[in-house]
Amino acid sequence: MHIKKSVFIYLLQFLFMLFSVALVGYLLHLSQTVDVKATNEAVFHTNVAAYLLTITILFLLYLAVYGLINRFFYATAIYYIFFGVYIVANRLKVAYRNEPIMPSDLALLRSWRQLFSMISWKIVALAIISFVIVIGFCIFLGKHFSDKTLRFNLITRIILVILGVATIGSFYNVDKEGSFMNKVTAKTGYINFAPNISLIANTTGPLLPFLGNIHTDIMDKPANYNQETMQNILHKYQKSAQRINRKRPNNDLNKQTLIFVLSESFSDPVRVPNVTLNQDPIPKINQIKQENTSGLMLSSGYGGGTANMEYMAFTGLAYNQFAKSLQSPYTQLVVNQDHPINIINSFDYAAAIHPYYGNFYDRDIVYPKLGFDKFKNFQTKGKNALEYKSKLSYSTFIDDKSSYKETLKQINARKKGQFISLVTMQNHMPFNVSYDNNQFTYKGSAAGIPLQVGNYAKGINYTDDSTKEFLDKLDTIKKPITVVWYGDHLPGLYDKNSMEKYNVVQHETDYFIYSNKYALNHNYGTKKIEQNTAITDPNDFIPIALKQMKQKVTPYYALLTKVQEKLPATAKNSVGKDEDLMVDQNGKQISDKQLTKSQRQLRKEYQLVQYDLTAGKGYIKNKINK
């Protein structure tokens with residue numbers, strides 16, 4: 001009788017575990033689609049095999065935790081809490097950035113306090129209460145019924161743990177044709193080489209794309225990559241640089257100051273479909289754009305991805321040309337590089353200013369590798385401490401006016417030229433902060449929370465004023481200064497708009513390049529460049545800036561100049577079947593088939609150089625930027 005009772009309890013445990021993994025698998029998928037109907041369709045009809053693979057993985061992980069703890073209720077508590085956090089985190093990332101949690105996001109756990117500060121306290125409180133209830137209930141059950149549940153011997157426990165580890169490890173080679181896991185996932189319909197990660201996650205759930213990207217490939221090897229090919233490219237662009245330099249009078253960047261200003265989440269909401277504001281929130285910046293080199297920047301992010309845009313702007317390398325598994329160049333690539341080529345290294349001195357925590361996206365590790373001599377952030381102290389820290393109304397972020405004051409202080413700290421990077425924080429999510437005397441009202445169907453669009457409009461209106469004031473002060477300084485100013489991505493506010501329908505416009509931000517009066521009057525600057533500048537991408541900022549500064553170029557910058565002048569703007573696509581989002585100067589999305597033969601050849605050379613500098617053997621790394 002006792003044996004029958006134990007078997008019955010063990011059977012109940014097994015059934016509960018099956019129910020748990022089925023529930024967690026379903027909720028994970030729901031956290032991605034945020035649509036019960038779409039989730040039911042995928043889980044129970046179109047993608048059943050992928051769902052079954054997901055819950056199989058979840059079951060093996062459950063068993064691994066059980067084997068490790070050897071206490072059913074305690075293992076259950078850990079299991080539910082871990083995946084509860086995963087589900088909530090994935091839901092939040094989808095809401096703000098329209099993409100699932102990826103392995104590269106784990107690097108942000110170094111900044112967990114800062115992450116919590118961006119999440120509504122209601123969500124945090126609800127999560128904590130839920131976890132306390134789960135833990136408390138499981139502890140109660142464990143104390144009263146643990147002796148009746150199944151216990152494993154040591155060998156069984158080791159086997160279960162090894163199975164769990166092997167389950168995760170098996171995804172290391174999931175992209176390798178013919179590997180066991182590649183064959184398994186292919187039969188379920190999961191393909192890691194789909195054009196975008198969100199498309200995969202919406203059909204298979206977020207767990208398979210997460211596991212499929214544990215192993216990072218930097219970049220796929222281009223055809224004909226060898227030393228001879230790279231030497232030929234080097235010689236070609238050495239000659240190209242010579243031709244460009246005949247028309248440019250300036251040969252020493254250190255006589256000039258170049259400032260890159262990344263304005264957090266800045267993009268004119270007036271351009272967004274189904275958005276109507278009662279007045280223009282950025283009249284001054286629009287006037288600045290009209291009078292100076294300017295246009296729209298094609299972003300590879302929506303609602304996030306700041307560091308990726310920053311990386312492209314610094315290096316001139318295209319994010320969309322990297323492998324799918326490289327989701328964050330800062331945390332997955334630069335941290336392992338020595339002396340990567342970038343515009344910062346072209347200057348004898350460089351300073352970075354970011355009025356937030358310095359470990360976000362590993363900037364405290366990445367910036368020194370890029371060549372910055374100084375990094376002023378929220379955590380630095382002494383002579384590198386931030387002096388200006390004012391905030392607007394009830395915002396928790398340092399305002400743009402203070403950030404510009406900090407930048408002016410750095411400009412005046414050196415007599416010679418320098419490179420300065422400013423990454424602002426004023427308009428960072430969340431957008432639930434109300435500003436005093438907000439004159440902006442929103443009408444339309446684009447935003448799920450209409451009030452937040454008005455808050456955002458007021459925030460960028462403050463940016464509009466402080467940016468004009470900043471440029472006016474630069475015009476009083478008696479040394480040549482050029483500013484590359486750009487928004488990194490749209491805010492994740494327009495969740496009611498279809499990304500499929502409005503893919504291009506919801507990836508376009510504003511940019512301008514401004515040379516101060518001294519630069520213009522002393523042949524160090526140009527007022528307005530219009531060749532292929534209406535729509536550009538972050539990796540084109542270096543060649544446009546050097547052209548505006550009338551600065552001679554290296555072979556590498558000669559290549560970037562040709563890319564900027566001849567190729568359409570490109571970004572990593574987030575929807576649709578095309579791997580790359582390519583947009584012409586008329587704002588129309590185009591395909592690879594529409595490129596000319598010379599454009600395809602240029603893009604191939606660009607890819608070869610990018611591979612050589614990041615994932616290849618560095619055949620020309622020591623020569624191409626000299």
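The values are calculated or read from the model by the stated rules, or taken from the named source; none is laboratory data. Predicted model only: the values in this text are computed from it and were never measured. Heads up, the Cβs are rebuilt from the backbone with ideal geometry, glycines too, and the neighbour counts pull from every protein chain shown.
Table for the structure above
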| read-out | value |
| --- | --- |
| Subset of the range 290-311 [in a helix (DSSP H, G or I) and of a type in the set (Ser, Thr, Tyr)] | Thr306, Tyr311 |
| Residues located in the range 147-165, provided they are assigned to a helix (DSSP H, G or I) and either among the hydrophobic types (A, V, I, L, M, F, W, C) or surrounded by 15 or more Cβ atoms within 10 Å (Cβ to Cβ) (or both) | Leu154, Ile155, Arg157, Ile158, Ile159, Leu160, Val161, Ile162, Leu163, Gly164, Val165 |
| Members of the range 596-626 that are in a loop (DSSP other than H, G, I, E, B) and out of contact with any Leu (no Cβ under 7 Å at 6 or more places or on another chain) | Thr596, Ala615, Gly616, Lys617, Gly618, Tyr619, Asn622, Asn625, Lys626 |
| Residue match in the range 342-364 (condition: at pLDDT 95 or above, polar (S, T, N, Q) and in a helix (DSSP H, G or I)) | no |
| Flag for Tyr524 being within 14 Å of Leu581 (Cα to Cα) and either out of contact with any strand residue (DSSP E or B) (no Cβ under 8 Å at 6 or more places or on another chain) or surrounded by 21 or more Cβ atoms within 10 Å (Cβ to Cβ) (or both) | no |
| Within the range 189-289, helices (runs of 4 or more DSSP H) holding 3 or more residues that are surrounded by fewer than 23 Cβ atoms within 10 Å (Cβ to Cβ) and at pLDDT below 95 | 197-204 |
| Given (1) under 19 Å from Val261 (Cα atoms); (2) surrounded by fewer than 24 Cβ atoms within 10 Å (Cβ to Cβ), number of the condition Gln321 does not satisfy | (1) |
| Residues satisfying the stated conditions in the range 435-452, i.e. in a helix (DSSP H, G or I) and either of a type in the set (Lys, Arg) or touching a residue at least 24 places away in the same chain (Cβ under 8 Å) (or both) | Gln452 |
| Residue among Tyr557, Tyr619 that alone is of a type outside the set (A, V, I, L, M) and buried (at least 23 other Cβ atoms within 10 Å of the Cβ) | Tyr557 |
| Odd one out for Val483 among (1) under 18 Å from Ile285 (Cβ atoms); (2) part of a helix (DSSP H, G or I); (3) touching a residue at least 12 places away in the same chain (Cβ under 8 Å) | (2) |
| Members of the range 129-179 found to be at pLDDT below 80 and farther than 27 Å from Phe72 by Cβ, listed by number | Asn173, Val174, Asp175, Lys176, Glu177, Gly178, Ser179 |
| Test for Ser402: is it more than 17 Å from Gln256 (Cβ to Cβ), of a type in the set (Ser, Thr, Tyr), free of Cβ contacts under 8 Å to residues at least 60 places away in the same chain and surrounded by fewer than 19 Cβ atoms within 10 Å (Cβ to Cβ) | no |
| Condition check for Phe314: outside any helix (DSSP H, G or I) and of a type in the set (A, V, I, L, M, F, W, C) | no |
| Criterion (within 24 Å of the chain's Cα centre (by Cα) and in a helix (DSSP H, G or I)) met by exactly one of Asn427, Asn455, Asn432, Asn461 | Asn455 |
| Whichever residue in the range 408-448 is surrounded by fewer than 18 Cβ atoms within 10 Å (Cβ to Cβ) and of a type in the set (Ser, Thr, Tyr) and, among such residues, is farthest from Ala351 (Cα to Cα) | Ser445 |
| Which listed residue, of Ser299, Ser328, Ser267, is out of contact with any helix residue (DSSP H, G or I) (no Cβ under 6 Å at 6 or more places or on another chain) and of a type in the set (Ser, Thr, Tyr) | Ser267 |
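So that you can scan it fast, the table gives a plain yes or no per residue for (1) among the polar types (S, T, N, Q); (2) touching a helix residue (DSSP H, G or I) at 6+ places or on another chain (Cβ under 8 Å); (3) in contact (Cβ under 8 Å) with a residue 12 or more places away in the chain; (4) closer than 24 Å to Gln287 by Cα:
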{"position": "Tyr494", "(1), (2), (3), (4)": "no, yes, yes, no"}
{"position": "Val504", "(1), (2), (3), (4)": "no, no, yes, yes"}
{"position": "Ile513", "(1), (2), (3), (4)": "no, yes, yes, yes"}
{"position": "Gly525", "(1), (2), (3), (4)": "no, yes, yes, yes"}
{"position": "Thr533", "(1), (2), (3), (4)": "yes, yes, yes, yes"}
{"position": "Thr536", "(1), (2), (3), (4)": "yes, yes, yes, yes"}
{"position": "Met549", "(1), (2), (3), (4)": "no, yes, yes, yes"}
{"position": "Tyr556", "(1), (2), (3), (4)": "no, yes, yes, no"}
